[in-house]
């Protein structure tokens, strides 16, 4: 039987041997390295890399847009890259994405004028579906005017205020835009006078409107919107003969008489409207706008949508023959390049 003293001696010896076996060179130790945590800068860089990778994975096949997205992700303050990306989105039928990028761009570079004008233009076009966007466009315009009162921004302010039926305020903006455009090109001045003329037309100041629109045409005779607006102003001021002459130069006699009929319908002059529509259909029996207006007129005055007695149709028929005769002999007035006018619809 082993004594307690002997057992204690054996345990001490065994402990000493095990301790000696665990020792060795430091290079032979199997210790774990210390944990290294990424810095905030490194995390930001990793995030950008991941976003770029995601953008590549989500590629739409539009290589130009994909390349621009990568540039924007790598350098969010790159004004040129973001503006080009926004323009690319607009050109590919994604105006909402273009709007968001223009907003981001202007938040970083509020002094940038061209992107602001592009943002206002897109918002104005989208307002056809969502009228609330007109106020957003006006806010962007006024933000720009606080930085620099350019004629472009003033002109947009007038257009947007007219859209909101704030015509008196709009007139002041249109006139200030003209005051700041003395050195502009004739075509630019013509557009600004047309904007003012349209504003005066909306205010039912027809004589003043006609004067502004005649000035616009004296500067640019090819400005069809000004000619159409002038015809409207003349017709509403009591000069249908000159109004018809301007409308005929744009889209022919059938459209001219249909347009005049539209104004008569809007002002409750149903008898005169019916006569003008019969003349229009005498020129072109299947003229779409005239037929639509005839149906509208029938619903308003309760009379059937039929043509008047032959005397009215014969008058327009003889006018058509005379027009053809003059064209054959080369006696017609020279016409500008035209497109259909704003017709005659309610």
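The values are calculated or read from the model by the stated rules, or taken from the named source; none is laboratory data. Here the structure is a predicted model, which means the values were calculated and not measured. Counting neighbours? That spans all protein chains shown, and the Cβs are built from the backbone with ideal geometry, glycine included.
The table below gives the values:
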read-out	value
Set 214, 224, 266: member being within 26 Å of residue 168 (Cα to Cα) and modelled with pLDDT under 95	266
Matching helices (runs of 4 or more DSSP H) fully within the stretch 56-126 where at least 3 residues are over 28 Å from residue 151 (Cα atoms)	63-74
Residue in the stretch 277-287 that is assigned to a helix (DSSP H, G or I), under 24 Å from residue 204 (Cβ atoms) and touching a helix residue (DSSP H, G or I) at 6+ places or on another chain (Cβ under 8 Å) present	no
Of the criteria (1) modelled with pLDDT under 95; (2) within 23 Å of residue 131 (Cα to Cα), which one residue 171 fails	(1)
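So that you can scan it fast, the table gives a plain yes or no per residue for (1) modelled with pLDDT of 95 or more; (2) under 26 Å from residue 224 (Cα atoms):
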position: 260; (1), (2): yes, yes
position: 286; (1), (2): no, yes
position: 300; (1), (2): no, no
position: 337; (1), (2): no, yes
